[in-house]
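The values are calculated or read from the model by the stated rules, or taken from the named source; none is laboratory data. Keep in mind that this is a model prediction, so the values were computed, not measured. Here the Cβ positions follow ideal geometry from the backbone for every residue, glycine too, while neighbour counts run over all protein chains shown.
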């Protein structure tokens, strides 16, 4: 399995999974479904974004296992950086919400913050090491 | 860890992409290894040694930190 094939396999899952996730999130936001209570229909609909995220992480795990060792090290560092960012935000902002009455940060934001942090870290690490982004 | 991969590669007239193909790694990985920013694993070091037809000790120059 070459790196290019691994990347193709990853994006074959990543793109539809992200479309489903964003589409489902958009439907939730547009219809204000959360205001109607957790009906069976809403719970069933919530499977879509959750399922897409599971597929995405399974694909990412497979991708990390398929690329060469140097690219794997970049991926692992980027994932760890993104995890650190969301844990720091969740912890720091969580304490502020609990004890300082700061505005509420919806937990859903942790998802895009994770992916943006991961993307920035992966790109920065690639550029720093070789002068070209992967 | 320093190495003479770039020198051995250019002696053979290979591009970084060609060496990457021979080693089954990305061009990025070749760049990172050549510049000493990434130390390869032992299996990859053996592959490099075989492809460049030199011993690991000849290719990689170990320096104590």
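For the reader, a short list of remarks on this structure follows.
- Number of residues in the stretch A:87-110 that are over 24 Å from residue A:49 (Cα atoms) and touching a helix residue (DSSP H, G or I) at 6+ places or on another chain (Cβ under 6 Å): the value is 1.
- Unique residue being within 30 Å of residue B:44 (Cβ to Cβ), at pLDDT 95 or above and either touching a helix residue (DSSP H, G or I) at 6+ places or on another chain (Cβ under 7 Å) or more than 14 Å from chain B (Cβ to nearest Cβ) (or both) when the list is A:84, A:129: A:84
- Unmet requirement for residue A:61, which otherwise passes all of (1) outside the structural domain of residue A:2 (by TED's automatic domain parsing); (2) exposed (fewer than 14 other Cβ atoms within 10 Å of the Cβ); (3) modelled with pLDDT of 90 or more: (1)
- Considering each residue of the stretch B:21-36 in turn, at least one proves to be at the interface with another protein chain (Cβ under 9 Å from one of its Cβ atoms) and more than 14 Å from residue A:3 (Cβ to Cβ).
- Among the candidates B:4, B:59, the residue that is in contact with a strand residue (DSSP E or B) (Cβ under 6 Å, 6 or more places away or on another chain), in contact (Cβ under 8 Å) with a residue 12 or more places away in the chain and away from chain A (no Cβ under 13 Å) is uniquely B:59.
- Matching option when the condition is over 21 Å from the mean Cα position of the chain (by Cα) and exposed (fewer than 13 other Cβ atoms within 10 Å of the Cβ), among A:84, A:100: A:100
- Looking across the stretch A:87-126, the residues that are within 14 Å of chain B (Cβ to nearest Cβ) and without any contact (Cβ under 8 Å) to a residue 40 or more places away in the chain come down to A:123, A:124.
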